[in-house]
Amino acid sequence: MKKISLIACGLLLGSTMAFGADSIESAFKEGKVSGSLGLYGEKHDKGNDIKDSGFGNGNVTVDYETAEFKGLTAKAEFKGNLGLGEVEKDDRRDGAPFNNNALMTEAYIKYTNSAFFVSAGRQAIDLEWLSDYHEAVVAGITAVPDTTIVVGYTQRKAESGLDKSEDFHEFNGNKGAYVLDVKYTGLKSVELNPYYYSAPDVADWYGLKAKYTADMFGGVAHYAYSSVDIANEKDGSIGQLELNTTIKDLTAAIGYIKTDKDNGIGHMDAAGDNINPFDAGNHVYSADAKTPYAKLGYTIAGVELGALYGETTYESKDYKEKELNLTVGHSFTDSLKASLLYAVINADSADTRATAYDDKYVFAKVEYKF
């Protein structure tokens, strides 16, 4: 299921509080059940005499959210998976991975009023360096005009969907990570997003992302710096520039991503990431990585077509990885959608110690939401 950011949830709930339930019993009775049914399959052809791999998976997601009572809501979400065959033994467990066949991905309580919201428990989060599912406490302040301020702490995370289901796990021992994320939209066509993260004894990182959006043209300028606390490791950084345009049913963009020469992004992706534009992008965050990319999208007769191509050189240009992503998607109804991804990855090296490799794969999925 598509994840909705905590910011969006907070604003939505704040705008509908006047229509809440009049008792706790009513809040549960008036709650809503939703979910999805999905089928997924992937197939890899890795070449170089490496065995092909692949698997199929069936997924059921069910979630329940109470109606609002005096600003309070609660939600639980469960995901179940069923293996539908493998090319080689354990492809589904080792390649995906599927660490479990059932997982409670969300279980939280939230309080919302017109000025702020607070959410505690397992929840989906979508911030610049905090994504997927987290066991976290998050607060959002919306009282400041044109500004949303999010502060939070997370200790464990998991990624779960049609193609993967991790167990919740600690990503920084029992110390977790803290976040301060601010979005300001008071300037015409511009969104400013300064942020600060801290993973104790690993790294502190901060950055600024600026987005410009007009009728036909837009752009992104983004820079982040990581102060690394691990002995004998240098600091890291990443910068991104992107220009994009939309002309009727056509979208296009070109971009460039660069990381620090010595230590890449310096552990900034410890709790998730959102910069890497590729399906894989195995080395976008590596040391001394330089990644130019271009993407196109076109919608015709209800079919969404997409293409993304980029090349990453890294570690003093000794290594290069090329990736092509081609996508097709179609919504048969508001609830039923199918999509296909075909990817080609080619890696070579000027260093004889490294092994060149190829990977061609297809991901296909059909999902019905209710």
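A few comments on the model shown:
- FRET efficiency, T299 to D201 (Cβ-Cβ, R0 56 Å, nearest 0.05): 0.75
- Across K209/K258; K32/K211; K295/K337; K183/K365, pairs whose alpha-carbon gap is larger than 24 Å: K32/K211; K183/K365
- Projected label distance in nm at T245 and H330, using a 7 Å step from Cα toward the beta-carbon: 3.0 nm
- Sites matching trypsin sites (Lys or Arg not before Pro) across the stretch 204-291 that sit in DSSP coil, with at most 11 neighbouring C-beta atoms within 10 Å: K248
- Residues in the stretch 165-182 reached by a label modelled at A231 [backbone nitrogen below 16 Å; 7 Å Cα→Cβ]: none
- If the segment from L82 to Y64 were pulled out straight at 0.36 nm per residue, it would be longer than the present Cα-Cα gap by 4.3 nm.
- With a cut-off of 14 Å between beta carbons, the residues surrounding D167 carry a summed charge of +1, where Lys and Arg count +1 and Asp and Glu -1.
- Per residue, the convex hull around the alpha carbon atoms of the stretch 219-349 comes to 114 Å³.
- Ratio of Rg to Rh for the stretch 34-158: 1.12 [Cα atoms; Kirkwood radius as inverse mean 1/r over pairs].
- Near A203, the amide H atoms lying under 5 Å from its own belong to D229; only residues 5 or more places off or on other chains count, and H is placed 1.01 Å from N.
- The stretch 262-370, relative contact order in percent, only Cα pairs under 8 angstrom and at least six apart counted: 18 percent
- Rolling a 1.4 Å probe over the protein chains gives I247 an accessible area of about 80 Å².
- Cα-only Debye scattering, the stretch 300-348: base-10 log of I(q)/I(0) at q = 0.20, 0.30 Å⁻¹: -0.70, -1.04
- Among G186, G71, G38, residue whose mean-square fluctuation peaks in a GNM of the chain (springs only between Cα atoms under 10 Å): G186
- FRET E, pair I50, T147, Förster distance 56 Å, beta-carbon r, rounded to 0.05: 0.65
- Percentage relative contact order, the stretch 235-318, counting C-alpha pairs under 8 Å, at least six apart: 30 percent
- Only alpha carbons enter this Debye calculation for the stretch 112-256, each as an equal point scatterer, and the log10 of I(q)/I(0) it gives at q = 0.09, 0.15, 0.21 Å⁻¹ is -0.36, -0.96, -1.29.
- Carbon/sulfur fraction of accessible area - the chain, other protein chains in place, 1.4 Å, %: 58 percent
- Were the residues from N113 through V344 laid out at 0.36 nm apart, the gain over their Cα-Cα distance would be 78.4 nm.
- When you filter the GluC sites (Glu not before Pro) in the stretch 112-167 for DSSP loop state and at most 10 other Cβ atoms inside 10 Å of their Cβ, nothing is left.
- Debye-formula intensities of the chain, expressed as log10 I(q)/I(0) at q = 0.08 Å⁻¹, are -0.46 (one equal scatterer per alpha-carbon, no solvent).
- Taken per residue, the accessible surface of the chain reaches 51 Å², heavy atoms only and a 1.4 Å probe.
- Taking F168, F55, F332 as the candidate residues, the one with maximal mean-square fluctuation in a Gaussian network model of the chain, Cα springs under 10 Å, is F332.
- Rounded FRET efficiency, nearest 0.05, which uses the C-beta distance separating S316 from S34 and R0 of 35 Å: 0.10
The values are calculated or read from the model by the stated rules, or taken from the named source; none is laboratory data. Note that the structure is a prediction, hence the values are computed from the model and not measured. Note that we place each Cβ from the backbone using ideal geometry, even for glycine, and neighbour counts take in every protein chain shown. Each accessible area value is taken on the protein alone, full model and side chains, heavy atoms only, with ligands, DNA and RNA left out. Shrake-Rupley method; radii C 1.70, N 1.55, O 1.52, S 1.80 Å.
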